[in-house]
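Enquirer: Structure provided below as C-alpha coordinates; questions to follow.
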Amino acid sequence: MKKIAKIKGMNDFEGELSLKLSNFIETVSQIVQKYGYTYIKTPHVEETALYKRSVGDSSDVVNKEMYNFIDKGENDICLRPEGTAGVVRSYIESGYDKQNNKKRYYYYGEMYRYERPQKGRYREFLQFGCESFGSGSSYEDTTMLVMVCEILDSLGISYTLELNSIGDSAFRTNYINDILKPFLVENIDHICSDCKTRKDTNPIRVFDCKNSSCQEVYKKVTKLTDALDSSSKLEFETILKRLDRLNIRYIINKNLVRGLDYYNSLVFEFTTDELGAQGTLVGGGRYDSLVSTLGGNSTQAVGFAMGIDRLLQLMEDGCNARDGIYFGCLDSDALEPIYDTIYSNKQEIKTYLEYKPKSHTKHISTADKLNFKYCCIVSSDDITASNIRVKNLLTKDEQTYSSISEIRYD
Ligand code: AMP
(Lines give C-alpha, C1' and ligand atoms only; values in the text may rest on other atoms or scores of the structure.)
Protein backbone atom coordinates (compact mmCIF):
# COMPACT_ATOMS: atom_id res chain seq x y z
CA MET A 1 0.00 0.00 0.00
CA LYS A 2 1.17 3.58 -0.72
CA LYS A 3 2.84 5.18 2.26
CA ILE A 4 1.45 8.44 3.63
CA ALA A 5 4.07 11.18 3.92
CA LYS A 6 4.05 14.12 6.29
CA ILE A 7 2.63 17.41 5.08
CA LYS A 8 5.03 19.71 3.23
CA GLY A 9 6.81 22.17 5.50
CA MET A 10 6.02 20.22 8.69
CA ASN A 11 8.50 18.18 10.71
CA ASP A 12 8.70 15.24 13.09
CA PHE A 13 10.78 15.68 16.22
CA GLU A 14 12.29 12.38 17.18
CA GLY A 15 15.41 10.98 18.84
CA GLU A 16 18.12 13.56 19.43
CA LEU A 17 16.00 16.45 18.12
CA SER A 18 13.11 15.72 20.49
CA LEU A 19 15.58 15.47 23.39
CA LYS A 20 17.04 18.82 22.40
CA LEU A 21 13.53 20.27 22.25
CA SER A 22 12.60 19.12 25.74
CA ASN A 23 15.94 20.40 27.08
CA PHE A 24 15.27 23.72 25.38
CA ILE A 25 11.78 24.10 26.87
CA GLU A 26 13.03 23.16 30.34
CA THR A 27 16.04 25.51 30.27
CA VAL A 28 14.21 28.50 28.80
CA SER A 29 11.12 28.05 31.03
CA GLN A 30 13.34 28.03 34.12
CA ILE A 31 15.05 31.25 33.06
CA VAL A 32 11.84 33.18 32.29
CA GLN A 33 10.22 31.97 35.52
CA LYS A 34 13.08 33.63 37.41
CA TYR A 35 11.99 36.90 35.79
CA GLY A 36 8.41 36.40 37.00
CA TYR A 37 6.81 34.92 33.86
CA THR A 38 4.12 32.26 34.29
CA TYR A 39 3.02 29.71 31.71
CA ILE A 40 -0.05 30.38 29.58
CA LYS A 41 -1.53 27.98 27.05
CA THR A 42 -3.98 29.32 24.51
CA PRO A 43 -5.76 27.35 21.76
CA HIS A 44 -4.06 26.52 18.47
CA VAL A 45 -7.08 27.87 16.60
CA GLU A 46 -8.72 31.25 17.00
CA GLU A 47 -11.17 33.32 14.99
CA THR A 48 -9.49 34.54 11.82
CA ALA A 49 -10.65 38.06 12.70
CA LEU A 50 -8.29 38.05 15.70
CA TYR A 51 -5.23 37.91 13.44
CA LYS A 52 -6.66 40.23 10.80
CA ARG A 53 -7.22 42.88 13.42
CA SER A 54 -3.97 42.44 15.35
CA VAL A 55 -1.22 41.37 12.98
CA GLY A 56 -2.73 43.56 10.26
CA ASP A 57 -4.43 43.00 6.91
CA SER A 58 -1.46 44.25 4.97
CA SER A 59 1.13 42.02 6.67
CA ASP A 60 2.44 38.98 4.78
CA VAL A 61 1.27 36.77 7.64
CA VAL A 62 -2.38 37.73 7.15
CA ASN A 63 -2.27 38.52 3.46
CA LYS A 64 -0.61 35.39 2.15
CA GLU A 65 0.20 32.93 4.89
CA MET A 66 -2.85 32.18 7.02
CA TYR A 67 -4.12 28.63 7.45
CA ASN A 68 -7.73 29.70 7.77
CA PHE A 69 -10.82 27.69 6.93
CA ILE A 70 -14.55 27.54 7.54
CA ASP A 71 -15.43 24.88 10.11
CA LYS A 72 -18.59 22.76 10.23
CA GLY A 73 -20.40 25.51 12.13
CA GLU A 74 -19.59 28.05 9.36
CA ASN A 75 -17.05 29.85 11.58
CA ASP A 76 -14.01 31.42 9.91
CA ILE A 77 -11.16 30.07 12.04
CA CYS A 78 -7.42 30.00 11.71
CA LEU A 79 -4.47 27.92 12.88
CA ARG A 80 -2.47 30.44 14.89
CA PRO A 81 0.29 32.11 12.87
CA GLU A 82 1.83 33.67 16.01
CA GLY A 83 1.30 33.67 19.76
CA THR A 84 0.81 37.27 20.87
CA ALA A 85 -2.74 37.81 19.56
CA GLY A 86 -4.12 34.77 21.41
CA VAL A 87 -2.43 35.79 24.67
CA VAL A 88 -3.84 39.33 24.36
CA ARG A 89 -7.29 37.90 23.63
CA SER A 90 -7.05 35.78 26.77
CA TYR A 91 -5.81 38.72 28.89
CA ILE A 92 -8.83 40.77 27.81
CA GLU A 93 -11.30 37.90 28.21
CA SER A 94 -10.06 37.37 31.77
CA GLY A 95 -10.88 41.03 32.46
CA TYR A 96 -7.32 41.87 33.51
CA ASP A 97 -7.29 44.95 31.27
CA LYS A 98 -10.11 46.43 33.40
CA GLN A 99 -7.97 46.20 36.53
CA ASN A 100 -4.83 47.32 34.71
CA ASN A 101 -3.40 44.07 35.94
CA LYS A 102 0.33 43.49 35.55
CA LYS A 103 0.86 40.07 34.01
CA ARG A 104 3.92 38.35 32.66
CA TYR A 105 3.24 35.27 30.57
CA TYR A 106 5.31 32.78 28.63
CA TYR A 107 4.06 30.32 26.05
CA TYR A 108 5.48 27.85 23.58
CA GLY A 109 4.12 25.66 20.85
CA GLU A 110 3.34 25.24 17.19
CA MET A 111 2.54 28.14 14.86
CA TYR A 112 1.34 27.85 11.26
CA ARG A 113 2.17 29.95 8.24
CA TYR A 114 1.65 28.91 4.63
CA GLU A 115 5.12 29.96 3.50
CA ARG A 116 7.45 28.54 0.86
CA PRO A 117 9.25 25.87 2.92
CA GLN A 118 13.04 26.01 3.06
CA LYS A 119 15.70 25.35 5.68
CA GLY A 120 14.73 27.35 8.78
CA ARG A 121 11.34 28.35 7.34
CA TYR A 122 8.50 25.89 7.84
CA ARG A 123 4.72 25.80 7.61
CA GLU A 124 4.46 24.35 11.09
CA PHE A 125 7.15 25.78 13.35
CA LEU A 126 7.70 26.29 17.05
CA GLN A 127 7.95 29.51 18.98
CA PHE A 128 8.72 30.33 22.60
CA GLY A 129 7.45 33.76 23.56
CA CYS A 130 6.96 36.13 26.48
CA GLU A 131 4.41 38.90 26.88
CA SER A 132 4.45 41.49 29.65
CA PHE A 133 1.26 43.53 30.24
CA GLY A 134 0.70 46.64 32.32
CA SER A 135 4.11 48.29 32.27
CA GLY A 136 5.00 51.18 30.01
CA SER A 137 8.39 51.63 31.63
CA SER A 138 11.40 51.33 29.38
CA TYR A 139 12.95 49.37 32.26
CA GLU A 140 10.56 46.57 31.26
CA ASP A 141 11.90 46.70 27.69
CA THR A 142 15.50 46.45 28.82
CA THR A 143 14.79 43.68 31.33
CA MET A 144 13.25 41.71 28.49
CA LEU A 145 16.38 42.18 26.41
CA VAL A 146 18.57 41.14 29.35
CA MET A 147 16.41 38.02 29.73
CA VAL A 148 16.70 37.06 26.04
CA CYS A 149 20.49 37.54 26.25
CA GLU A 150 20.57 35.22 29.26
CA ILE A 151 18.52 32.62 27.36
CA LEU A 152 20.74 32.67 24.28
CA ASP A 153 23.93 32.71 26.38
CA SER A 154 22.75 29.73 28.39
CA LEU A 155 22.02 27.82 25.15
CA GLY A 156 25.54 28.66 23.93
CA ILE A 157 24.22 30.62 20.92
CA SER A 158 26.02 33.70 19.65
CA TYR A 159 23.92 36.54 18.26
CA THR A 160 23.68 40.17 17.26
CA LEU A 161 21.06 42.31 18.96
CA GLU A 162 19.53 44.78 16.50
CA LEU A 163 17.38 47.65 17.77
CA ASN A 164 15.24 50.40 16.36
CA SER A 165 12.52 52.78 17.48
CA ILE A 166 9.55 53.19 15.15
CA GLY A 167 7.41 55.63 17.20
CA ASP A 168 3.68 55.30 17.68
CA SER A 169 1.09 54.82 14.97
CA ALA A 170 0.09 58.52 14.75
CA PHE A 171 3.75 59.40 14.24
CA ARG A 172 4.11 56.68 11.60
CA THR A 173 1.03 57.91 9.72
CA ASN A 174 2.53 61.42 9.56
CA TYR A 175 5.93 60.06 8.59
CA ILE A 176 4.40 57.97 5.80
CA ASN A 177 2.28 60.82 4.45
CA ASP A 178 4.85 63.60 4.77
CA ILE A 179 8.15 61.86 4.08
CA LEU A 180 8.01 58.26 2.85
CA LYS A 181 5.17 58.24 0.32
CA PRO A 182 6.30 61.38 -1.52
CA PHE A 183 9.81 59.86 -1.64
CA LEU A 184 8.50 56.55 -3.03
CA VAL A 185 6.41 58.32 -5.64
CA GLU A 186 9.45 60.33 -6.71
CA ASN A 187 11.58 57.17 -6.93
CA ILE A 188 8.93 54.83 -8.27
CA ASP A 189 10.97 53.87 -11.35
CA HIS A 190 13.91 52.77 -9.23
CA ILE A 191 12.18 50.34 -6.85
CA CYS A 192 11.11 46.71 -7.32
CA SER A 193 7.54 45.60 -7.99
CA ASP A 194 7.12 44.32 -4.38
CA CYS A 195 8.06 47.75 -3.06
CA LYS A 196 5.64 49.37 -5.50
CA THR A 197 2.89 47.26 -3.91
CA ARG A 198 4.15 48.03 -0.39
CA LYS A 199 3.90 51.76 -1.20
CA ASP A 200 0.12 51.36 -1.21
CA THR A 201 -0.39 48.57 1.35
CA ASN A 202 2.19 49.06 4.08
CA PRO A 203 4.85 51.60 3.04
CA ILE A 204 7.27 51.22 5.95
CA ARG A 205 7.78 47.57 4.98
CA VAL A 206 9.84 48.80 2.01
CA PHE A 207 12.75 48.99 4.47
CA ASP A 208 12.57 45.19 4.82
CA CYS A 209 13.19 44.70 1.09
CA LYS A 210 16.01 42.23 0.38
CA ASN A 211 16.71 43.82 -3.00
CA SER A 212 20.04 45.66 -2.82
CA SER A 213 19.13 48.22 -5.51
CA CYS A 214 16.04 49.19 -3.48
CA GLN A 215 18.22 49.52 -0.39
CA GLU A 216 20.52 51.88 -2.32
CA VAL A 217 17.46 54.05 -3.06
CA TYR A 218 16.28 54.02 0.59
CA LYS A 219 19.66 55.29 1.79
CA LYS A 220 18.48 58.69 0.59
CA VAL A 221 15.29 58.97 2.64
CA THR A 222 15.04 60.15 6.26
CA LYS A 223 14.44 57.04 8.38
CA LEU A 224 11.74 56.69 11.07
CA THR A 225 14.46 56.71 13.73
CA ASP A 226 15.74 60.08 12.56
CA ALA A 227 12.29 61.64 12.37
CA LEU A 228 11.17 60.71 15.93
CA ASP A 229 9.83 63.45 18.17
CA SER A 230 12.09 64.57 21.01
CA SER A 231 10.44 62.50 23.78
CA SER A 232 10.52 59.25 21.73
CA LYS A 233 14.11 59.99 20.80
CA LEU A 234 15.01 60.56 24.45
CA GLU A 235 13.33 57.32 25.48
CA PHE A 236 15.23 55.35 22.84
CA GLU A 237 18.51 56.93 23.93
CA THR A 238 17.72 56.09 27.57
CA ILE A 239 17.28 52.44 26.60
CA LEU A 240 20.56 52.43 24.70
CA LYS A 241 22.44 54.04 27.61
CA ARG A 242 21.00 51.49 30.02
CA LEU A 243 22.13 48.64 27.76
CA ASP A 244 25.60 50.22 27.62
CA ARG A 245 25.73 50.27 31.42
CA LEU A 246 24.70 46.59 31.50
CA ASN A 247 27.40 45.75 28.93
CA ILE A 248 24.83 44.50 26.44
CA ARG A 249 26.12 44.93 22.93
CA TYR A 250 23.73 46.00 20.17
CA ILE A 251 23.58 47.67 16.81
CA ILE A 252 21.00 50.22 15.72
CA ASN A 253 19.32 49.02 12.54
CA LYS A 254 17.25 51.87 11.11
CA ASN A 255 15.72 49.50 8.55
CA LEU A 256 14.25 47.28 11.26
CA VAL A 257 10.47 47.77 11.13
CA ARG A 258 9.18 44.21 11.87
CA GLY A 259 6.56 42.47 9.79
CA LEU A 260 3.60 42.65 12.15
CA ASP A 261 1.55 45.84 12.40
CA TYR A 262 1.06 46.09 16.13
CA TYR A 263 4.48 47.32 17.25
CA ASN A 264 5.41 50.81 18.44
CA SER A 265 8.51 52.49 19.88
CA LEU A 266 11.17 49.86 20.63
CA VAL A 267 11.50 46.97 18.17
CA PHE A 268 14.28 44.42 18.27
CA GLU A 269 15.64 41.30 16.67
CA PHE A 270 18.35 38.87 17.67
CA THR A 271 20.07 37.62 14.53
CA THR A 272 22.81 35.24 13.47
CA ASP A 273 24.75 34.86 10.25
CA GLU A 274 25.16 31.11 10.83
CA LEU A 275 21.79 30.17 9.28
CA GLY A 276 21.97 31.81 5.86
CA ALA A 277 18.88 33.71 4.80
CA GLN A 278 16.76 32.66 7.80
CA GLY A 279 18.97 34.42 10.33
CA THR A 280 16.38 36.01 12.62
CA LEU A 281 16.22 34.07 15.86
CA VAL A 282 14.08 36.33 18.01
CA GLY A 283 11.75 39.21 17.18
CA GLY A 284 9.87 41.52 19.48
CA GLY A 285 9.05 44.95 20.71
CA ARG A 286 6.54 47.18 22.40
CA TYR A 287 2.86 46.98 21.42
CA ASP A 288 1.05 49.53 23.57
CA SER A 289 -2.10 49.77 21.44
CA LEU A 290 -2.84 46.09 20.74
CA VAL A 291 -4.97 45.48 23.84
CA SER A 292 -7.27 48.37 22.87
CA THR A 293 -7.22 47.38 19.18
CA LEU A 294 -8.65 44.04 20.29
CA GLY A 295 -11.39 45.69 22.34
CA GLY A 296 -9.76 45.90 25.78
CA ASN A 297 -8.91 48.87 27.97
CA SER A 298 -5.71 50.51 26.87
CA THR A 299 -2.81 48.52 28.40
CA GLN A 300 0.86 48.94 27.65
CA ALA A 301 2.74 45.79 26.70
CA VAL A 302 6.01 44.43 25.40
CA GLY A 303 6.94 40.98 24.17
CA PHE A 304 9.04 38.74 21.98
CA ALA A 305 8.91 35.40 20.19
CA MET A 306 11.87 33.16 19.44
CA GLY A 307 11.97 30.58 16.67
CA ILE A 308 12.69 27.27 18.38
CA ASP A 309 13.42 25.33 15.16
CA ARG A 310 16.22 27.74 14.27
CA LEU A 311 17.63 27.82 17.80
CA LEU A 312 17.73 24.01 17.96
CA GLN A 313 19.79 24.01 14.76
CA LEU A 314 22.37 26.18 16.50
CA MET A 315 22.42 24.31 19.79
CA GLU A 316 25.21 21.82 20.36
CA ASP A 317 24.09 18.21 20.61
CA GLY A 318 24.26 18.28 24.38
CA CYS A 319 22.02 15.25 24.60
CA ASN A 320 24.66 12.70 23.81
CA ALA A 321 25.63 12.17 27.43
CA ARG A 322 25.09 8.66 28.72
CA ASP A 323 22.46 8.30 31.38
CA GLY A 324 20.10 5.78 33.00
CA ILE A 325 20.39 2.07 33.74
CA TYR A 326 19.74 -0.90 31.47
CA PHE A 327 18.57 -4.16 33.06
CA GLY A 328 18.77 -7.46 31.26
CA CYS A 329 18.18 -11.09 32.26
CA LEU A 330 20.27 -14.07 31.29
CA ASP A 331 17.45 -16.59 31.76
CA SER A 332 13.66 -16.23 31.75
CA ASP A 333 13.32 -17.12 35.46
CA ALA A 334 15.20 -13.93 36.36
CA LEU A 335 12.77 -11.63 34.54
CA GLU A 336 9.88 -11.70 37.04
CA PRO A 337 11.93 -10.87 40.19
CA ILE A 338 13.82 -8.12 38.34
CA TYR A 339 10.55 -6.68 37.01
CA ASP A 340 8.85 -6.75 40.44
CA THR A 341 11.77 -5.05 42.19
CA ILE A 342 12.15 -2.32 39.59
CA TYR A 343 8.49 -1.41 39.26
CA SER A 344 7.49 -1.67 42.90
CA ASN A 345 9.93 1.18 43.60
CA LYS A 346 10.09 4.77 42.33
CA GLN A 347 12.82 5.12 39.69
CA GLU A 348 15.75 7.32 40.71
CA ILE A 349 17.09 7.52 37.15
CA LYS A 350 15.95 6.54 33.65
CA THR A 351 15.38 2.79 33.74
CA TYR A 352 15.00 0.29 30.91
CA LEU A 353 14.29 -3.43 31.23
CA GLU A 354 14.87 -5.76 28.27
CA TYR A 355 12.28 -8.55 28.59
CA LYS A 356 14.04 -11.02 26.34
CA PRO A 357 16.78 -13.20 27.89
CA LYS A 358 20.04 -12.77 25.95
CA SER A 359 23.74 -13.43 26.38
CA HIS A 360 25.82 -11.06 28.49
CA THR A 361 27.63 -9.71 25.41
CA LYS A 362 24.41 -9.01 23.54
CA HIS A 363 22.92 -7.14 26.49
CA ILE A 364 26.03 -5.01 26.93
CA SER A 365 26.08 -4.17 23.26
CA THR A 366 22.39 -3.07 23.30
CA ALA A 367 22.89 -0.98 26.47
CA ASP A 368 25.88 0.65 24.81
CA LYS A 369 23.96 1.44 21.61
CA LEU A 370 21.08 2.92 23.60
CA ASN A 371 23.57 5.17 25.39
CA PHE A 372 22.93 3.97 28.94
CA LYS A 373 25.40 4.87 31.66
CA TYR A 374 24.83 1.76 33.79
CA CYS A 375 24.14 -1.82 32.85
CA CYS A 376 22.95 -4.63 35.15
CA ILE A 377 22.75 -8.15 33.72
CA VAL A 378 21.30 -10.73 36.07
CA SER A 379 20.64 -14.48 36.12
CA SER A 380 18.28 -16.27 38.51
CA ASP A 381 21.38 -17.73 40.21
CA ASP A 382 22.74 -14.20 40.77
CA ILE A 383 19.48 -13.25 42.50
CA THR A 384 19.61 -16.31 44.75
CA ALA A 385 23.29 -15.63 45.56
CA SER A 386 22.62 -11.91 46.22
CA ASN A 387 25.23 -11.08 43.61
CA ILE A 388 23.93 -8.13 41.57
CA ARG A 389 26.66 -6.51 39.50
CA VAL A 390 26.24 -3.05 37.97
CA LYS A 391 28.70 -1.86 35.35
CA ASN A 392 29.34 1.80 34.66
CA LEU A 393 29.68 1.87 30.87
CA LEU A 394 31.57 5.17 30.97
CA THR A 395 34.29 4.26 33.48
CA LYS A 396 33.98 0.44 33.06
CA ASP A 397 33.93 0.18 36.89
CA GLU A 398 31.78 -2.55 38.42
CA GLN A 399 29.95 -2.47 41.76
CA THR A 400 28.28 -5.43 43.48
CA TYR A 401 25.05 -5.16 45.47
CA SER A 402 23.07 -7.75 47.43
CA SER A 403 19.81 -6.85 45.65
CA ILE A 404 18.49 -4.63 42.87
CA SER A 405 16.79 -2.30 45.36
CA GLU A 406 20.20 -1.65 46.98
CA ILE A 407 21.69 -0.17 43.80
CA ARG A 408 23.00 3.39 44.27
CA TYR A 409 24.05 5.88 41.58
CA ASP A 410 26.74 8.59 41.73
P1 AMP B 1 7.71 36.62 13.99
O2 AMP B 1 6.49 36.14 14.73
O3 AMP B 1 7.53 36.64 12.48
O4 AMP B 1 8.29 37.86 14.55
O5 AMP B 1 8.80 35.49 14.22
C6 AMP B 1 9.53 35.33 15.42
C7 AMP B 1 10.56 34.25 15.18
O8 AMP B 1 9.92 33.02 14.84
C9 AMP B 1 11.47 34.52 13.98
O10 AMP B 1 12.53 35.33 14.37
C11 AMP B 1 11.92 33.14 13.60
O12 AMP B 1 12.99 32.73 14.41
C13 AMP B 1 10.70 32.29 13.91
N14 AMP B 1 9.92 32.02 12.69
C15 AMP B 1 9.01 32.83 12.08
N16 AMP B 1 8.48 32.23 11.01
C17 AMP B 1 9.04 31.01 10.93
C18 AMP B 1 8.91 29.89 10.03
N19 AMP B 1 8.06 29.92 9.01
N20 AMP B 1 9.67 28.79 10.26
C21 AMP B 1 10.53 28.75 11.30
N22 AMP B 1 10.70 29.75 12.18
C23 AMP B 1 9.97 30.86 12.00
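Enquirer: Answer yes or no: is there a residue in the range 125-132 that is at pLDDT 95 or above, closer than 23 Å to A301 by Cβ, away from the ligand (no atom under 16 Å from the Cβ) and buried (at least 17 other Cβ atoms within 10 Å of the Cβ).
Expert: yes
Enquirer: Out of (1) farther than 27 Å from Q118 by Cα; (2) within 14 Å of the ligand (Cβ to nearest atom); (3) of a type in the set (D, E, K, R), what's the single condition that is false for R249?
Expert: Exception for R249: condition (2).
Enquirer: Read through the list (1) of a type in the set (S, T, Y); (2) free of Cβ contacts under 8 Å to residues at least 40 places away in the same chain; (3) touching a Phe, Trp or Tyr at 6+ places or on another chain (Cβ under 7 Å), then give the number of the only condition that Y343 fails.
Expert: Here Y343 clears every test but (3).
Enquirer: List pairs: first residue in the range 1-19 and under 30 Å from L370 (Cβ atoms), second residue within 16 Å of the ligand (Cβ to nearest atom) and assigned to a helix (DSSP H, G or I) anywhere in the structure, Cβ distance under 7 angstrom, at least six positions apart or on different chains.
Expert: Within 7 Å, the pairs are F13/L21; L17/L312.
Enquirer: Can you list the helices (runs of 4 or more DSSP H) found entirely within the range 152-265 that contain at least 1 residues being within 30 Å of L312 (Cα to Cα) and under 29 Å from the mean Cα position of the chain (by Cα)?
Expert: Because the criterion is at least 1 residues that are within 30 Å of L312 (Cα to Cα) and under 29 Å from the mean Cα position of the chain (by Cα), the helices (runs of 4 or more DSSP H) in the range 152-265 that meet it are 230-245.
Enquirer: Could you tell me which of the residues R205, R198 is free of Cβ contacts under 8 Å to residues at least 12 places away in the same chain, touching a helix residue (DSSP H, G or I) at 6+ places or on another chain (Cβ under 9 Å), closer than 20 Å to R172 by Cβ and not acidic (D, E)?
Expert: Step by step, each of R205, R198 is checked, and only R198 is free of Cβ contacts under 8 Å to residues at least 12 places away in the same chain, touching a helix residue (DSSP H, G or I) at 6+ places or on another chain (Cβ under 9 Å), closer than 20 Å to R172 by Cβ and not acidic (D, E).
Enquirer: From the set of residues in the range 140-184 that are without any contact (Cβ under 8 Å) to a residue 24 or more places away in the chain and of a type outside the set (A, V, I, L, M), which is nearest to G9 (Cα to Cα)?
Expert: If we take residues in the range 140-184 being without any contact (Cβ under 8 Å) to a residue 24 or more places away in the chain and of a type outside the set (A, V, I, L, M), then D153 is nearest to G9 (Cα to Cα).
Enquirer: How about the range 212-260: which of its residues are in contact with a helix residue (DSSP H, G or I) (Cβ under 8 Å, 6 or more places away or on another chain), surrounded by fewer than 16 Cβ atoms within 10 Å (Cβ to Cβ) and within 15 Å of L184 (Cα to Cα)?
Expert: Selection gives S213, K220, T222.
Enquirer: So, one more: Got at least one residue in the range 214-221 being in contact with a Lys or Arg (Cβ under 9 Å, 6 or more places away or on another chain), touching a residue at least 12 places away in the same chain (Cβ under 8 Å) and more than 14 Å from the ligand (Cβ to nearest atom)?
Expert: No, there is no match, as no residue in the range 214-221 is in contact with a Lys or Arg (Cβ under 9 Å, 6 or more places away or on another chain), touching a residue at least 12 places away in the same chain (Cβ under 8 Å) and more than 14 Å from the ligand (Cβ to nearest atom).
Enquirer: Ok, one more. On the basis of being more than 14 Å from the ligand (Cβ to nearest atom) and over 18 Å from S135 (Cα atoms), does I239 make the cut?
Expert: no
Enquirer: Exactly one of (1) in contact with a strand residue (DSSP E or B) (Cβ under 7 Å, 6 or more places away or on another chain); (2) part of a loop (DSSP other than H, G, I, E, B) is unmet by V390. Its number?
Expert: (2)
Enquirer: Working only within the range 1-27, note down all residues that are loosely packed, with under 15 Cβ neighbours inside 10 Å, closer than 15 Å to L312 by Cα and over 15 Å from the mean Cα position of the chain (by Cα).
Expert: D12, E14, G15, E16
Enquirer: With A49, A85 as the choices, which residue is aliphatic (A, V, I, L, M) and over 20 Å from the mean Cα position of the chain (by Cα)?
Expert: On the way: A85 fails: over 20 Å from the mean Cα position of the chain (by Cα).
Going through A49, A85 in turn, the sole match is A49.
Enquirer: Grab the helices (runs of 4 or more DSSP H) fully contained in the range 282-382, keeping just those with 1 or more residues being within 16 Å of the ligand (Cβ to nearest atom) and surrounded by fewer than 17 Cβ atoms within 10 Å (Cβ to Cβ).
Expert: On the way: elements: 290-293, 308-314, 332-343, 360-369.
Here the list reads 308-314.
Enquirer: If you check every pair at least six apart or on different chains, which have Cβ atoms under 9 Å apart with a residue in the range 76-92 that is on the phi < 0 side of the Ramachandran plot and at pLDDT below 95 first and a residue that is part of a helix (DSSP H, G or I) and away from the ligand (no atom under 16 Å from the Cβ) second?
Expert: none
Enquirer: Got a sec? Which of R286, R249, R245 is more than 26 Å from Y106 (Cα to Cα) and modelled with pLDDT of 95 or more?
Expert: Only one candidate passes the filter, namely R245.
Enquirer: Check the range 359-367 and report whether any residue there is in contact (Cβ under 8 Å) with a residue 12 or more places away in the chain, of a type in the set (V, I, T) and more than 15 Å from R322 (Cα to Cα).
Expert: No, the range 359-367 contains no residue that is in contact (Cβ under 8 Å) with a residue 12 or more places away in the chain, of a type in the set (V, I, T) and more than 15 Å from R322 (Cα to Cα).
Enquirer: Name the residue that is surrounded by the most Cβ atoms within 10 Å (Cβ to Cβ), counting only residues in the range 266-276 that are away from the ligand (no atom under 12 Å from the Cβ) and assigned to a loop (DSSP other than H, G, I, E, B). Step through it out loud before you land on a result.
Expert: Within the range 266-276, the first condition is being away from the ligand (no atom under 12 Å from the Cβ), and the residues that meet it are 266, 273-274, 276.
Within this subset, residues satisfying the condition of being assigned to a loop (DSSP other than H, G, I, E, B) are 273-274, 276.
Numbers: D273: 9, E274: 13, G276: 10.
In this case the residue turns out to be E274.
Enquirer: Now for a separate question. Is the range 224-234 home to any residue that is within 16 Å of the ligand (Cβ to nearest atom) and at pLDDT below 95?
Expert: No, because not a single residue in the range 224-234 is within 16 Å of the ligand (Cβ to nearest atom) and at pLDDT below 95.
The values are calculated or read from the model by the stated rules, or taken from the named source; none is laboratory data. This is a predicted model, so every value here is computed, not measured. Reconstructed Cβ throughout: ideal geometry from the backbone, glycine too, with neighbour counts over all protein chains shown.
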